[in-house]
Amino acid sequence: KSKEDGRGRHTFFVQEIDERVRRRRDIETELRSALALRQIELHYQPLLDAASMRIGGFEALMRWRHPRLGMVSPAEFIPIAEESGIIRDLGAWAMREACREAAAWTDEAYVAVNVSAVQLSDPQFRSLVVEALAKAGLPSKRLELEITESSLVEEASKTTSIMRDIGATGVGFALDDFGTGWSSLSMLHAFPFTRIKVDRSFVNDLDAGRGAEQIVRAVMLLAKAFSMKVTAEGVETRRQLAFLEEVGVDVIQGWLVGRPVTAREVPAILALHNKALAAVA
Ligand code: C2E
Ligand code: MG
Ligand code: MG
Ligand code: MG
């Protein structure tokens, strides 16, 4: 009897793996034609400057609308795009699209574009960035590239030199999801980052009183020592905001400020928010 139970569980486990493999393959296949079929869009989430309370920029976040699969989360398709190499085309498209759109924004708002480590080690990446900026007519200081901490390999000298080349043109680099990797500290001096983005999990824990406050304070000191700015992501409550302002976080991002919106909605958000502020000032 117990043997049968064991076999039953085993079969179930195999089926589950089978399903996952099939879903992965399905996504990879569909992803290959997603760009050509115009299923990929960029949505934009506001970045609030804590000192001025103005919206200083937006983070571009990829969205995939598929007729059969529905909305597929980037958390699911980006890793598959990275492993299969599709990220090259997706990433290049996102870079051009984000620069083109941001060039039309008022208030010198900047755009933050997520970049995979795979893209960064590509020798063509620098010219992709330079050409996207030139074609859009977007000043380099209005572009920031976000790289997830856990994806960086320490002392990848090719990556560091590509980053330095691009950084020299005035483009900023943000270390995304800071605190979730296992070599956080060494990343700060190994790569030329201009900003740290405190991972959402720490912001979330601010309400739980589990030492997250001390961690954020320590990040502020680190950023100061390295002359970097700090963004807090995933800010959902007024209490979190109050603490982050108190310790001097530069930029606030999260549902409290605003959810990601379509490109069409960005100009109105900038106009309404920043003009309303100017009116009270
Ligand atoms: P990320 O770069 O850390 O982006 C922040 C994520 O947190 C976004 O998820 C955003 O929608 C979500 N978020 C923002 N504020 C809040 C909040 O207050 N509460 C909660 N619960 N979530 C919040 P999203 O859009 O699903 O993207 C997931 C990840 O996929 C991104 O994390 C990024 O690593 C990756 N990604 C998205 N677009 C691109 C892209 O164009 N290229 C690359 N390489 N990666 C991308
Ligand atoms: Mg990001
Ligand atoms: Mg992030
Ligand atoms: Mg994140």
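The values are calculated or read from the model by the stated rules, or taken from the named source; none is laboratory data. Computed from a prediction, not measured in an experiment: that's the story for all the values here. Cβ coordinates were reconstructed from backbone atoms using ideal geometry, including for glycine residues, and neighbour counts include every protein chain displayed. We work out accessible area using only protein heavy atoms, side chains counted, and drop any ligands, DNA or RNA first. Shrake-Rupley method; radii C 1.70, N 1.55, O 1.52, S 1.80 Å.
Hey, can you tell me all the residues within the range 122-159 that are more than 17 Å from residue 57 (Cα to Cα), surrounded by 20 or more Cβ atoms within 10 Å (Cβ to Cβ) and not β-branched (Val, Ile, Thr)?
If the condition is that a residue be more than 17 Å from residue 57 (Cα to Cα), surrounded by 20 or more Cβ atoms within 10 Å (Cβ to Cβ) and not β-branched (Val, Ile, Thr), then 125, 132, 149, 152 are the ones that fit.
Just give me the residues in the range 207-224 being in contact (Cβ under 8 Å) with a residue 12 or more places away in the chain and of a type in the set (Gly, Ala, Ser), in sequence order. Give the steps one after another, and end with the answer.
Taking the range 207-224 and keeping what is in contact (Cβ under 8 Å) with a residue 12 or more places away in the chain, we get 207, 213, 215-217, 219-220, 222-223.
The answer is 223, and nothing else.
If I ask for residues that are open to solvent by 30 Å² or more (accessible area, probe 1.4 Å) and in a loop (DSSP other than H, G, I, E, B), which ones from the range 95-121 would you list?
Initially, the range 95-121 is screened for residues open to solvent by 30 Å² or more (accessible area, probe 1.4 Å), giving 96-97, 100-101, 103-104, 106-108, 110, 114, 118, 121.
Of everything in the range 95-121, those that are open to solvent by 30 Å² or more (accessible area, probe 1.4 Å) and in a loop (DSSP other than H, G, I, E, B) turn out to be 103, 104, 106, 107, 108, 121.
Of all residues in the range 199-221, how many are in a loop (DSSP other than H, G, I, E, B) and either within 16 Å of ligand 4 (Cβ to nearest atom) or under 18 Å from residue 113 (Cα atoms) (or both)?
Initial filter on the range 199-221 (in a loop (DSSP other than H, G, I, E, B)): 199, 206-211.
Among the residues that remain, those that are also either within 16 Å of ligand 4 (Cβ to nearest atom) or under 18 Å from residue 113 (Cα atoms) (or both) are: 199, 206.
Adding up the residues that qualify gives 2.
Report yes if residue 120 is at pLDDT below 95 and not basic (Lys, Arg), otherwise no. Break it down stepwise before answering.
On the way: at pLDDT below 95: yes; not basic (Lys, Arg): yes.
So residue 120 passes the test.
I need every pair where a residue in the range 241-269 that is free of Cβ contacts under 8 Å to residues at least 24 places away in the same chain has its Cβ under 9 Å from the Cβ of a residue that is open to solvent by less than 50 Å² (accessible area, probe 1.4 Å) and assigned to a loop (DSSP other than H, G, I, E, B), sequence separation at least 6 or different chains.
So the pair list comes out as 241/50; 241/235; 241/254; 241/257; 255/234; 255/235; 256/235; 256/237.
Do we find that residue 12 is open to solvent by 40 Å² or more (accessible area, probe 1.4 Å), more than 24 Å from residue 235 (Cβ to Cβ) and among the aromatic types (Phe, Trp, Tyr) in this structure?
yes
Can you tell me how many residues within the range 196-227 are more than 16 Å from residue 245 (Cβ to Cβ), touching a helix residue (DSSP H, G or I) at 6+ places or on another chain (Cβ under 8 Å) and of a type in the set (A, V, I, L, M, F, W, C)?
Matching residues across the range 196-227 total 4.
Quick check on residue 185: is it out of contact with any Pro (no Cβ under 8 Å at 6 or more places or on another chain), at pLDDT 95 or above and over 23 Å from residue 58 (Cα atoms)?
Values: out of contact with any Pro (no Cβ under 8 Å at 6 or more places or on another chain): yes; at pLDDT 95 or above: no; over 23 Å from residue 58 (Cα atoms): yes.
Judged against the criteria, residue 185 is not a match.
State the number of residues belonging to the range 206-243 that are more than 13 Å from ligand 1 (Cβ to nearest atom) and over 20 Å from residue 172 (Cβ atoms).
Our first condition is that a residue be more than 13 Å from ligand 1 (Cβ to nearest atom); within the range 206-243, this holds for 208-230, 239, 242-243.
Adding the requirement that they be over 20 Å from residue 172 (Cβ atoms) leaves 208-218, 221, 239, 242-243.
Residues in the range 206-243 being more than 13 Å from ligand 1 (Cβ to nearest atom) and over 20 Å from residue 172 (Cβ atoms): 15 in total.
Of all residues being within 16 Å of ligand 4 (Cβ to nearest atom) and either under 18 Å from residue 48 (Cβ atoms) or surrounded by fewer than 16 Cβ atoms within 10 Å (Cβ to Cβ) (or both) in the range 185-198, which is nearest to the chain's Cα centre (by Cα)? Just the residue, please. Talk me through it step by step, then tell me what you get.
Within the range 185-198, the first condition is being within 16 Å of ligand 4 (Cβ to nearest atom), and the residues that meet it are 187, 193, 195-198.
With the extra rule that they be either under 18 Å from residue 48 (Cβ atoms) or surrounded by fewer than 16 Cβ atoms within 10 Å (Cβ to Cβ) (or both), the set shrinks to 195-198.
Working: 195: 12, 196: 12, 197: 9, 198: 12 Å.
Ranking the qualifying residues of the range 185-198, first place goes to 197.
Considering the range 50-72 alone, what residues qualify as being more than 16 Å from ligand 2 (Cβ to nearest atom), part of a strand (DSSP E or B) and either open to solvent by 40 Å² or more (accessible area, probe 1.4 Å) or closer than 18 Å to residue 103 by Cα (or both)?
The answer is 55, 65, 71.
In a helix (DSSP H, G or I), closer than 18 Å to residue 226 by Cα and within 16 Å of ligand 2 (Cβ to nearest atom) - does that describe any residue in the range 140-158? Spell out how you get there, then give the answer.
From the range 140-158, those in a helix (DSSP H, G or I) are 140-142, 149-151, 157-158; that's our starting set.
If we keep only those that are closer than 18 Å to residue 226 by Cα too, we end up with 149.
If we keep only those that are within 16 Å of ligand 2 (Cβ to nearest atom) too, we end up with 149.
Yes.
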